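**Q** There's a structure below that I have some questions on.
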Amino acid sequence: MKRVLVIGMARSGIAAARLLHEKGDVVVLSDRKNEAEFGNALDELRQENVEFRLGEDAQSLLPGVDLVVISPGVPIEHPAVAKAREMGIEVIGEVELAYRLSMGKVLAITGTNGKTTTTTLLGEICQNAGKHTFVVGNIGAPYAAIAAQTRPDDVIVCELSSFQLESIAKFHPMVSAILNITEDHMNRHKTMERYIELKARVFENQKDGDSVVLNYDDPVLRALASRAMCRVVWFSRTQVPPFGAFVREGTLYFGAPDSARPICSVDEVNIPGPHNLENALAAAACAVQAGIPIAVIRHTLRTFKGVEHRIETVCTRRGVTYINDSKATNPDSTVKAVETMNRPTVLLLGGSEKHSDYSAMCEVIRASGWISNVVVYGDTGEAIAQALARAGYANVHRPENDHDFSAVVHLAASLAQPGGNVLLSPACASFDMFNDFEHRGEAFKRIASALDD
């Protein structure tokens, strides 16, 4: 029996604490919030050998602790983490804990954008192949929540953020993938170099017999390939790589250029946009490396309907289509949504600060031809408005109360024309007004659906 300190009592921390308790360890719960602020959210953990030490300094809880488990929201530079290491106490993240206490084949997906769609698609491919499959990680369900249920023949498809990769140690997927790397989370990681290093950790423990799937069109990932100690498999939307998934004459293929097998035509891929074609190629490459037959991959690409909050059509009101892309929490993700539009579109931009550079996104908006108006809001509204002005884009609007999301959506509705779109693709995190991007997306869907028809 170990004494384990779990720092951070969001979804991942709760799942980690539950897993440790079921394993028979003494669990100490730590969070900046005090117990009253949680209401009844932690009631399931009111068990013997679970100590509630909420609101206390985590450093003061370290004496007598054998292991520290941190949630993704707790940075590796946290004072309690540094102190624990000084004391010789191992510090790991929830994903690492779950990996150590689970069985099955792990397929791990990371990247700046496209993770959730690719992870969900890959999970559906595996399920369609008859595999008992868990889809976990940054996608919503914590890995620790299912670890105790896993069996050796199971498949675990795990979406991983840079926050989660920060605290791995032995985590070793059979197949990993990095979809792309563009600027994100600079408020936490400070430099692109650090961010790239964290993404590369997904394949650091892989070896002969394993595979890493990388984007051949991304120069950062081309440069990282030399570090891999396992097989490198590429995917590309625009080129024919040495080996992997690619497009040639309107058809998706997998293999070496001269012996590649066709998967399906580009037109058969059921999710729209060039970014989703990349996601489909990445998922296909991962699936082949996991031993899934091409016929199953083909069927799933033809039938997969996409994921909630990612370019999700919500409703049509007075001839205007409302599209929920709340998952777009950085500028590059918003660019991908803008490039998917083919009708006059009112774009909603704003949210909480991540210290992103909006200039390239604003140039794309100006040059698009389909973004008829932009509504900015939230903590970042002014910064985005200024970036749009510098790019020469003038049709920018802001409600009087830019933290009233209902007013934001209603303003967008008033600017939209029949036959056009209203697109929520904020380019920012959501924490100025919402619990997370899902909360924001649900609010958008509720408000849009209630508009007069």
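The values are calculated or read from the model by the stated rules, or taken from the named source; none is laboratory data. Source: prediction; values computed, not measured. Glycine also receives a Cβ, built like all others from the backbone with ideal geometry; neighbour counts cover every protein chain displayed. The area values use the complete protein model at the heavy-atom level, side chains included, leaving out ligands, DNA and RNA. Shrake-Rupley method; radii C 1.70, N 1.55, O 1.52, S 1.80 Å.
**Q** Can you give the relative contact order of the chain as a percent, counting alpha carbon pairs under 8 Å and 6+ residues apart? Don't skip to the answer; put the middle values down first.
**A** Numbers: 994 pairs, mean separation 51.0, N = 453.
Computed over the chain, the figure is 11 percent.
**Q** Something else now. Filter 23/170; 83/207; 33/83; 33/190 down to the pairs with a C-alpha to C-alpha distance above 28 Å, please. Provide the component values of the computation, followed by the final result.
**A** Numbers: 23/170 19 Å; 83/207 33 Å; 33/83 20 Å; 33/190 26 Å.
Over 28 Å apart, Cα to Cα: 83/207.
**Q** Please figure out what share of the DSSP beta bridges in the chain is antiparallel and state it in percent, rounded to the nearest 5. If you can, show how the numbers build up before the last one.
**A** Values: 15 of 73 bridges.
Of the beta bridges lying entirely in the chain, close to 20 percent run antiparallel.
**Q** Which of the GluC sites (Glu not before Pro) across region 382-453 are loop residues per DSSP, with 13 or fewer other Cβ within 10 Å? Intermediate values should be presented prior to the final figure.
**A** On the way: sites: 382, 400, 438, 442; in loops: 400.
The qualifying sites are 400.
**Q** What is the calculated FRET efficiency for residue 148 to residue 382, with r their C-beta to C-beta distance and R₀ = 45 Å, to the nearest 0.05? Let's see the in-between values first.
**A** On the way: r = 48 Å, r/R0 = 1.06.
After rounding, the FRET efficiency stands at 0.40.
**Q** Sorted by mean Cβ packing within 10 Å, highest first, what order do the peptides 311-319, 370-378 take?
**A** On the way: 311-319: 15.7, 370-378: 23.4.
Going by the mean number of other Cβ atoms within 10 Å, highest first, we get 370-378, 311-319.
**Q** Give me the percent relative contact order of region 316-453, please, defined on Cα pairs under 8 angstrom at least 6 residues apart. Before the final figure, lay out each step's value.
**A** Numbers: 277 pairs, mean separation 57.2, N = 138.
Relative contact order of region 316-453: 41 percent.
**Q** Rounded, prolate or oblate: which fits region 42-175 when a ≥ b ≥ c are the square roots of the eigenvalues of the alpha-carbon gyration tensor, with rounded for a/c under 1.5 and prolate only if a/b beats b/c? Provide the component values of the computation, followed by the final result.
**A** On the way: a/c = 2.24, a/b = 1.80, b/c = 1.24.
Note, shape of region 42-175 comes out prolate.
**Q** Rounded to the nearest Å, what's the spacing between the alpha carbon centres of region 1-60 and region 385-425? Just the number, please.
**A** If we compute the Cα centre of each part, the gap is 42 Å.
**Q** Counting only other residues whose beta carbon sits under 15 Å from that of residue 301, what net charge do I get with K and R as +1, D and E as -1? Mind showing how you got there, number by number?
**A** Numbers: positive: 237, 261, 298, 302, 305; negative: 124, 267, 268, 278.
So the environment of residue 301 carries a net charge of +1.
**Q** Post the alpha-carbon centroid distance, region 96-114 to region 141-160, in whole angstrom.
**A** For region 96-114 versus region 141-160, the Cα centre distance is 8 Å.
**Q** In whole Å, what is the distance between the alpha-carbon centres of region 180-242 and region 327-363?
**A** For region 180-242 versus region 327-363, the Cα centre distance is 23 Å.
**Q** While we're on this one: Leaving out ligands and nucleic acids, note down the accessible area per residue over the chain with a 1.4 angstrom probe, in whole Å². If you can, show how the numbers build up before the last one.
**A** Values: 18070 Å² over 453 residues.
Accessible area per residue: 40 Å².
**Q** Now, a different point. Given a 1.4 angstrom probe, I'd like the percentage of the accessible area of region 193-295 that is carbon and sulfur, rounded to a whole number. Let's see the in-between values first.
**A** Details: 2070 of 4250 Å².
On region 193-295, the fraction of accessible area on carbon and sulfur atoms equals 49 percent.
**Q** For a test of the definition: using alpha carbon positions, the gyration tensor, and the 1.5 limit on a/c, classify region 144-267 as rounded, prolate or oblate.
**A** Values: a/c = 1.93, a/b = 1.32, b/c = 1.46.
The shape class here is oblate.
**Q** Between residue 294 and residue 397, 0.36 nm times their residue separation minus their Cα-Cα distance comes to what? Show your work: numbers first, answer last.
**A** Values: separation 103, 0.36 × 103 = 37.08 nm, distance 4.82 nm.
Between residue 294 and residue 397, full extension yields 32.3 nm more.
**Q** At most 16 other Cβ atoms within 10 Å and a DSSP loop assignment: could you name the trypsin sites (Lys or Arg not before Pro) in region 142-192 that fit?
**A** For trypsin sites (Lys or Arg not before Pro) across region 142-192 that sit outside H, G, I, E and B with at most 16 neighbouring Cβ atoms in 10 Å, the list reads 170, 190.
**Q** Follow-up question, since we're still on this one. So if each residue of separation counts as 0.36 nm, and I subtract the Cα-Cα distance between residue 359 and residue 48, what length gain in nm does that give? Please report the intermediate quantities before stating the final value.
**A** Values: separation 311, 0.36 × 311 = 111.96 nm, distance 5.38 nm.
Length difference between fully extended and current span is 106.6 nm.
**Q** Size of region 99-177 along its principal axes in angstrom, Cα-based, largest extent first?
**A** Rounded to whole Å, the extents work out to 30, 26, 21 Å.
**Q** Which Rg and Dmax, in Å, describe the Cα atoms of region 268-313?
**A** Over region 268-313's Cα set, Rg and Dmax evaluate to 10.9, 33 Å.
**Q** Relative contact order (percent) for region 32-99, with alpha-carbon contacts under 8 angstrom and 6 or more residues of separation? Intermediate values should be presented prior to the final figure.
**A** Details: 50 pairs, mean separation 20.5, N = 68.
Relative contact order, region 32-99: 30 percent.
**Q** So how do 358-367, 137-146, 339-348, 57-66 stack up, highest first, on mean other-Cβ count within 10 Å?
**A** Details: 358-367: 18.9, 137-146: 22.8, 339-348: 20.4, 57-66: 15.0.
In descending order of packing, they fall as 137-146, 339-348, 358-367, 57-66.
**Q** Could you check the simple spin-label distance between residue 407 and residue 90, using points 7 Å along Cα→Cβ, in nm with one decimal?
**A** Here the answer is 5.3 nm between the modelled labels.
**Q** In terms of solvent-accessible area of protein heavy atoms at a 1.4 angstrom probe, what is the ranking of 379, 404, highest value first?
**A** 379, 404
**Q** Further question: Taking 7 Å along the Cα-to-C-beta vector as the label spot, tell me the residue 368-residue 389 distance in nanometres, rounded to one decimal.
**A** The two pseudo-label positions are separated by 2.1 nm.
**Q** Quick one: grab the alpha carbon gyration tensor of the chain, order the square roots of its eigenvalues as a ≥ b ≥ c, and give me rounded if a/c is under 1.5, else prolate or oblate depending on whether a/b is larger than b/c.
**A** Working: a/c = 1.80, a/b = 1.18, b/c = 1.53.
Oblate is the answer for the chain, as a/c is 1.5 or above yet b/c matches or exceeds a/b.
**Q** Give, to the nearest whole percent, the P(r) tail of region 344-453 beyond 23 angstrom, counting all Cα pairs.
**A** On the way: 1299 of 5995 pairs.
Looking at region 344-453, the distances longer than 23 Å represent 22 percent of pairs.
**Q** While we're on this one: Tally the DSSP beta bridges in region 50-175 and give the antiparallel ones as a percent, rounded to 5.
**A** On the way: 0 of 15 bridges.
Close to 0 percent.
**Q** Quickly rank 76-83, 274-281 as a protection proxy: mean count of other C-beta atoms within 10 Å, highest first.
**A** Numbers: 76-83: 15.4, 274-281: 24.6.
Going from most to least packed, we get 274-281, 76-83.
**Q** Within the accessible area of region 368-418, what % is carbon and sulfur when the probe is 1.4 Å and the other protein chains stay in place?
**A** Numbers: 1150 of 2400 Å².
Using a 1.4 Å probe with all protein chains present, region 368-418 comes out at 48 percent carbon and sulfur.
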